[in-house]
Amino acid sequence: MMAMSLPPTFVDELRTRLSLAQVVGRKVMWDMRKSNQAKGDWWAPCPFHQEKSASFHVDDRKGYYYCFGCHAKGDMVSFVRETENVSFMEAIEILAREAGMPMPARDPRAAEKADRRTELSAVMDEAVKFFRLQLRTGAAQAARDYLKRRGLSEEAQDRWELGFAPNSWEGLRDALTAKGITEEHLLATGLVKASDKGKRPYDVFRNRIMFPIRDARGRAIAFGGRAMDPNDNAKYLNSPETELFDKGRNLYNLGRAREAVGKGKPLIVAEGYMDVIALSEAGFQGAVAPLGTAVTEDQLRLMWRVAPEPIMALDGDKAGIRAGLRVVDLALPLLEAGNSLRFALLPEGLDPDDLIKAKGAPAMQAVLDAAKPMVDLLWQRETEGHVFDSPERRAALDKTLRAKLKAIKDPSLRAHYGDMIKELRYDLFGAKRRAPQGRGAGGAPRRAWGKPGDMPAIPTASARASILASSEGAARHLREAVILATVISTPEIIPEFEAELERMDCSYPDHARLRDALMSVMPSPELRDHVARRAGPETVEALFRLPVVTIAPAVRRPGDLEQARMTLAEELAKLRAETGLQAEVAEAVEELDGPADEALTWRLREAAESRNRAARSESEDRAEYDTAPNGLRLARSEREEFERILNLITVEKRHK
């Protein structure tokens, strides 16, 4: 079959990268009163039969849908197949494009490889049984005593399928080959290792407590082993990477944790196996752990498929903090609205297992309740232990933080992070400038002046916005209007620009409603009617009455893909450049009490240059160019704008 020509892991990777709710959401209107986004529980009228009630259910945690009316059911692949009327491979190609994954080369041996994975997983199950039996032998007395000291009853040991690898070079090998399992299969699963002395393969795990590792579907794919000999080179040893096991793309206890999170438990990311077991046995069943490595990008995506805001449970020492900060740096470029992390810092010297044993589950719950958002950990790293007693040191902090925030791709999310950083910055730098506050009319806070030489407060965000946005807002409004009207006129262009349209930060509420309506359905000739129903017919009519829209070539020639493509590429590029310039100006105004003005004008010049490159395609700006202050080459109209911005900064500085 054509469907079987894919590598066996490709579809699993697709399901990791995409959420079912995201795929289905292109075709349905969610009933937000009935849905529970935090639990991945979504309801909508069924797309497969006509109905008014929301009987179509999507379980985003498990990746399945079911209609209680027509009984349609399946996963994201079957959903695309049914709604698009395409084959399996065509559905995979559609999903791969959405996930940004290149289609793999066709593999004629894929069916054979899938059968082999099934065979290897069966070998791993036999190993699980062998190790569990060994834990009940006399040779495992020390291991049983250790588990008892760690507070694990026999029932708990059975729940977690714990076992023991005897202190033998061939115990597992001989036991499994006696059952007809080949040495080649044992080598392929990583249970034995080839000898470099020409002898038979030997057991990888010896004299260790064994923790089976299962994937999200419950298949045994690897082991972790805890050494009983304190002099062993490795306290914990994991299976090597195999055809079954990619340690950077799996999490310990993922399957059980996903089920627990679906029932309302938080997703907690601990450091190791014993922490996960201790948390789960204490009632925190949504616990997982990476597998002997630092958290990877793929593991982060796995976590977000289970819960929108996993809690990283960090050991309360310097190593734990460093681990958390590595996760922050990894996560920043991957953040999206609704997907983030929180960080629970345990008391110094304690891990979750220690804390639960010493103070019980309520103490652990208190730590989780006090979990900090990512921005707090980022701020703590850059400021803790530092003294900012000079403009240069403050400027260095600002530069570092700006570089970190630029890693966030989502413009709206980046702006909110910037707002929080500015609040923290003002708390740090502004404390010495604040005078006691009184109460004005109506009980509102009133800022008083201190002694001569004290600085006034930094202008409020609303005050800055009113100064900076007056002339920029109208131009942005018109650009957004042309973009939206172009998409409505030629809906076939949406797939090419979908990501940028979703990220477009609309400056006008009606534009945001139009954009959201456009993104809620698949492109079709009836799209304009759908948008009118979602955003209101008067909103659509007002958009198409704008003069700049009526004369736009892409609107006058609906269905012209090439014209629509050129218009969207140009207008979106200009919006990006203008947004960057406005952000730099607003930030520069706030920082006038910090670095030297030369640094500010340099930053403005760089942002303006970016905006100019996008703007120079307009015919009126191609005529003649002048040289602005600081050597910036600008079109006449652009030079006037640049000088206007610098004048605004000068006025703002006088006010300060």
Rounded, prolate or oblate: which fits the stretch 25-183 when a ≥ b ≥ c are the square roots of the eigenvalues of the alpha-carbon gyration tensor, with rounded for a/c under 1.5 and prolate only if a/b beats b/c? oblate
For the stretch 69-83, just list the computed ³J(HN,Hα) in residue order, Karplus coefficients 6.51, -1.76 and 1.60, θ = phi - 60°, integers in Hz, with x standing in for Gly and Pro. x, 9, 6, 5, 8, x, 10, 5, 5, 5, 5, 5, 4, 6, 6
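Which ordering of E271, E184, E502 is given by a fewest-first count of other beta-carbon atoms within 10 Å?
Going from least to most buried by this count: E184, E502, E271.
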Using +1 on the beta carbon of Lys and Arg, -1 on that of Asp and Glu, and nothing else charged, what's the dipole of the stretch 46-87 about the Cα centre, debye to 20? 100 debye
Run the dipole for the stretch 109-244 about the Cα centre, Lys and Arg Cβ at +1, Asp and Glu Cβ at -1, nothing else charged, and hand back the magnitude in debye, nearest 20. 260 debye
Residues whose built amide H sits under 5 Å from the amide H of N238, excluding neighbours closer than 5 in sequence, are G225
Computed FRET value (nearest 0.05) for E538 with E183, which takes r as the C-beta separation and R₀ as 60 Å: 0.20
With N residues in the stretch 246-388, Rg(alpha-carbon) / (2.2 N^0.38 Å) equals 0.99
Note down the nm distance, to one decimal, between modelled labels 7 Å out along Cα→Cβ at M519 and at L546. 1.8 nm
Kirkwood hydrodynamic radius of the stretch 361-416 from all distinct Cα pairs, in Å? 13.5 Å
Considering amide H positions built from the backbone, and no H for Pro or chain starts, which residues 5 or more places from K372, or on another chain, come under 5 Å of its amide H? F343, A344, L345
Binned at 5 Å from 0, what are the whole-percent values of the Cα-Cα distance distribution for the stretch 109-244, short to long? 2, 10, 20, 23, 20, 14, 7, 3, 1, 0
Per residue Cα convex hull volume for the stretch 2-99, in cubic angstrom? 95 Å³
For the stretch 246-388, with +1 on Lys and Arg beta carbons and -1 on Asp and Glu, the positive-most of L368, P347, P266 along the dipole: P266
For R150 paired with R200, estimate the spin-label separation in nm (one decimal), with each label point 7 Å from Cα along the Cα-to-Cβ line. 3.1 nm
All-pairs Cα distance distribution in the stretch 502-555, expressed in whole percent, bin size 5 Å: 4, 19, 26, 27, 21, 2
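Read the figures in this text as sums done on the coordinates, not as results from a lab. Note that this is a predicted model, so its numbers are computed, not measured. Heads up, the Cβs are rebuilt from the backbone with ideal geometry, glycines too, and the neighbour counts pull from every protein chain shown.
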